[in-house]
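Chemist: Below is a structure I'd like to ask you about.
Please treat every number below as a calculation from the coordinates, not as lab data. None of these values were measured; they are calculated from a predicted model.
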Amino acid sequence: MALPRGVRDGPFLKFVGWDVPGDNVGQYFQDLNGQAKVDALKAASLRYRTQFFAFNSNGWAKSWTKIDRTAFVKANSTLYIRVEFPGWIYHPGLDSPGNNIENANATAAPSVVLAINQRANPFDTVAFNSNGWIKNKLAPPVPNPGFLAGYYVRD
């Protein structure tokens, strides 16, 4: 099966016709339909920062520490994954090689940020990538065509 391709939609990547079954936190805004429901979920995701960062157009909020591309299935819904977070600037399709402090054992950005904040000195971190590597310096960026690949630099 071909990998889904996300399209940028503000601070989210939108995957039309795809979902990840399970890992549902809860279903929200059942009284709304269509774009109104999606807009309400986007606003809630931005307001609650890292409590939930992905949802589908049916109103199900998702929770992951790792994003598994093999879990994506064709669906009669649209999956939204937030890629922008306060304090971090996202650079899609790139990586900054080397300078790794440790691996957060997570690939979902909110989980990596949580791991960074739990470090003895969280401010020794200047960046992290979509593979969960926490970095103490930046190197010149290189292309990273992987699924949901990119890196985040402290703002």
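Chemist: Alpha carbon centre of the stretch 67-102 versus the stretch 109-143: separation in Å?
Modeler: A separation of 13 Å, based on Cα centres.
Chemist: Next up: Do any of Lys14/Lys137; Lys37/Lys66; Lys14/Lys37 go past 23 Å between their Cα atoms, and which?
Modeler: On the way: Lys14/Lys137 31 Å; Lys37/Lys66 26 Å; Lys14/Lys37 15 Å.
Among Lys14/Lys137; Lys37/Lys66; Lys14/Lys37, the Cα-Cα distance tops 23 Å for Lys14/Lys137; Lys37/Lys66.
Chemist: If I build a Gaussian network model for the chain, linking alpha-carbon pairs within less than 10 angstrom, which residue out of Ala106, Ala75, Ala61 has the largest mean-square fluctuation?
Modeler: Ala75
Chemist: For the chain, set up a GNM with springs between Cα atoms under 10 Å and report which of Gly98, Gly26, Gly34 has the largest fluctuation.
Modeler: Of Gly98, Gly26, Gly34, the Gaussian network model singles out Gly34 as fluctuating most.
Chemist: Still on this structure: Do you know the relative contact order of the chain, to the nearest whole percent, from alpha carbon pairs under 8 angstrom that are 6+ apart?
Modeler: 24 percent
Chemist: Would you indicate which of (i) 28, 17, 13; (ii) 35, 16, 13; (iii) 25, 17, 14 is the value of semi-axes √(5λ) of the Cα gyration tensor in Å derived from the coordinates of this structure?
Modeler: The listed entry that was calculated here is (i).
Chemist: Now for a different question. Rounded, prolate or oblate for the stretch 107-155? Axes are the square roots of the Cα gyration tensor eigenvalues, ordered a ≥ b ≥ c, and the cut-off for rounded is a/c under 1.5.
Modeler: Because a/c hits 1.5 or more and a/b fails to exceed b/c, the stretch 107-155 counts as oblate.
Chemist: Say we join alpha carbon atoms closer than 10 Å with springs in a Gaussian network model of the chain; which of Asn117, Asn131, Asn58 then has the biggest fluctuation?
Modeler: Answer for the Gaussian network model of the chain: Asn117.
Chemist: If one takes the longest principal axis of the Cα atoms in the chain, at what angle in degrees, from 0 to 90 and to the nearest 10, does the Cα axis of helix 34-47 lie?
Modeler: Relative to the chain, helix 34-47 is tipped by roughly 30 degrees.
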